[in-house]
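A.B. asks: Right, I'll just put the structure down here and ask away after.
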Amino acid sequence: MAVQIVKPRIRGFICTNAHPAGCHANVQHQIELVKRGFADNRVHPKRAYKEMGLNALVIGASTGYGLASRIALCWGYGAKTLGLLYERPADSRRTATAGYYNTVAFHQQAAHDGFFAESLNGDAFSDAMKREAMDCIRENLGPIDVLVYSIAAPRRVHPRTGASHLSVLKPIGAPYTGKTIDLNREVVVPVTIEPADEAEIADTVAVMGGEDLEMWVSTLAAEGLLAPEVTVVAYTYIGSVLTWPIYRDGTIGRAKDDLKARVDALDERLAKALGGHAYISVNKAVVTQASAAIPVVPLYISILYDIMNARGINEAPIEQMQRLFAEHLGPGRQPQLDSERYIRLDDRELQEEVTAEVTDRWAQIDTDNFYELSDYAGFRRRFRNLFGFEVDGVDYDAVVETELAF
């Protein structure tokens, strides 16, 4: 037992602790949204679980779109879920990470509501984790009906070569100069990012591309643990032209091109072998610790959210994932694909009127007016919410248990 009063330790886009009660409240809020969103389903999730027996593997299940996917699959369709995460538990010196506390909260509510859930904490890139996952699936779930791949990692140790690859967020070919928010001083400043070299591009592709997903599918197939008509989905982001130099046209974009090519090949392979499919869902911009670290993106999201909120079309990750499965990938659904075989959940972000207004504000924004032309206060609050801080209804002066287990 370790109880303490937990106060945030935040500087810029780095938060080094998390609040267990705040993380629990965040997860509960997402679960309640899914319950309400699927309330008109003719098949109740618990009956759906017994009748359809959906088994889901979520790789990268503790935060953001991965956690939201797991919640949507569990409370929307009653799926048995195995979640993979790479999070730090608490010790005598520090709290656990937010993703760890999120997983604790997920397990507590799943057990209360009668849903099966298992989680494995370790390096999903490794062969050891793949073997452990195969054993768990074989013993506790059965062949996988839905595989969600939602890893956003800065580093990968390649399981075959042992090489360590670090991803970078850089343009390709030429330096990029733009504007961003200095999150420490909270001012708008110019930023110049030098282009990546070939080694950095290759490393980023090794970490953020599709090779690991391909390995997961191959391992599951070799073990006979892919169900007939299996669905595989990975996530990506395209965004506005304002972010393209360091995203779509940069190192991350090159990695996502690799992911796309491999997913298309997997789709052909799964269709031929099992009548299954592999897709990429293009999701909207959201506040994450990773996105906060990307120059330009915090300012872009701050402007974007102010506009989308005013129009009533903004969505959090849970609302995006609820829409993904309800409209595209849920049982009996046929996904709507664009000409490149993408599922487009970024359609509202990229509405012509929205992008035009973002571009107009981007040209005007500076330190003197960025609180007026953006929702930076909302961005900052959402960033702190990720770690369980500034969450409505949480008493931050109360002592909480920090050493929890799932």
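A.B. asks: Is it the case that segment 133-150 has a residue that's under 30 Å from Val191 (Cβ atoms) and modelled with pLDDT of 95 or more?
C.D. replies: yes
A.B. asks: Considering only residues of segment 1-32 that are modelled with pLDDT of 95 or more and over 20 Å from Glu403 (Cβ atoms), which is surrounded by the most Cβ atoms within 10 Å (Cβ to Cβ)?
C.D. replies: Gln30
A.B. asks: Filtering segment 277-295 down to residues that are touching an Asp or Glu at 6+ places or on another chain (Cβ under 8 Å) and of a type in the set (A, V, I, L, M), which residue is surrounded by the most Cβ atoms within 10 Å (Cβ to Cβ)?
C.D. replies: Out of the qualifying residues, it is Ala278.
A.B. asks: Taking only segment 125-170 into account, find how many residues are hydroxyl-bearing (Ser, Thr, Tyr) and either surrounded by fewer than 19 Cβ atoms within 10 Å (Cβ to Cβ) or over 22 Å from the mean Cα position of the chain (by Cα) (or both).
C.D. replies: Result for segment 125-170: 3.
A.B. asks: Would you mind telling me which numbered condition in (1) closer than 19 Å to Ala290 by Cβ; (2) surrounded by fewer than 16 Cβ atoms within 10 Å (Cβ to Cβ); (3) within 23 Å of the chain's Cα centre (by Cα) Gly122 fails?
C.D. replies: (1)
A.B. asks: Among residues belonging to segment 205-241 that are out of contact with any strand residue (DSSP E or B) (no Cβ under 8 Å at 6 or more places or on another chain) and of a type in the set (S, T, N, Q), point out the one that is modelled with the lowest pLDDT.
C.D. replies: By that ranking, first place goes to Ser240.
A.B. asks: Okay, moving on. Within segment 72-79, identify whether any single residue is more than 30 Å from Arg9 (Cα to Cα), of a type in the set (Ser, Thr, Tyr), assigned to a helix (DSSP H, G or I) and over 14 Å from the mean Cα position of the chain (by Cα), and answer yes or no.
C.D. replies: Looking for residues that are more than 30 Å from Arg9 (Cα to Cα), of a type in the set (Ser, Thr, Tyr), assigned to a helix (DSSP H, G or I) and over 14 Å from the mean Cα position of the chain (by Cα), one finds at least one in segment 72-79, hence yes.
A.B. asks: Could you identify the single residue in Gly142, Gly162, Gly122 that is among the small types (Gly, Ala, Ser) and under 20 Å from Ala202 (Cβ atoms)?
C.D. replies: None of the others qualify; the one that does is Gly162.
A.B. asks: Counting just the residues of segment 171-181 that are more than 18 Å from Gln364 (Cβ to Cβ) and touching a residue at least 40 places away in the same chain (Cβ under 8 Å), which one comes out surrounded by the most Cβ atoms within 10 Å (Cβ to Cβ)?
C.D. replies: Residue satisfying both the conditions and the ranking: Pro171.
A.B. asks: Within segment 324-353, how many residues turn out to be buried (at least 19 other Cβ atoms within 10 Å of the Cβ), closer than 30 Å to Ser374 by Cα, among the hydrophobic types (A, V, I, L, M, F, W, C) and in contact with a Lys or Arg (Cβ under 9 Å, 6 or more places away or on another chain)?
C.D. replies: Of the residues in segment 324-353, 1 are buried (at least 19 other Cβ atoms within 10 Å of the Cβ), closer than 30 Å to Ser374 by Cα, among the hydrophobic types (A, V, I, L, M, F, W, C) and in contact with a Lys or Arg (Cβ under 9 Å, 6 or more places away or on another chain).
The values are calculated or read from the model by the stated rules, or taken from the named source; none is laboratory data. Only a predicted model underlies this, so the values are computations on that prediction, with no experimental measurement involved. Backbone-built Cβ (ideal geometry, glycine too); neighbour counts: all protein chains shown.
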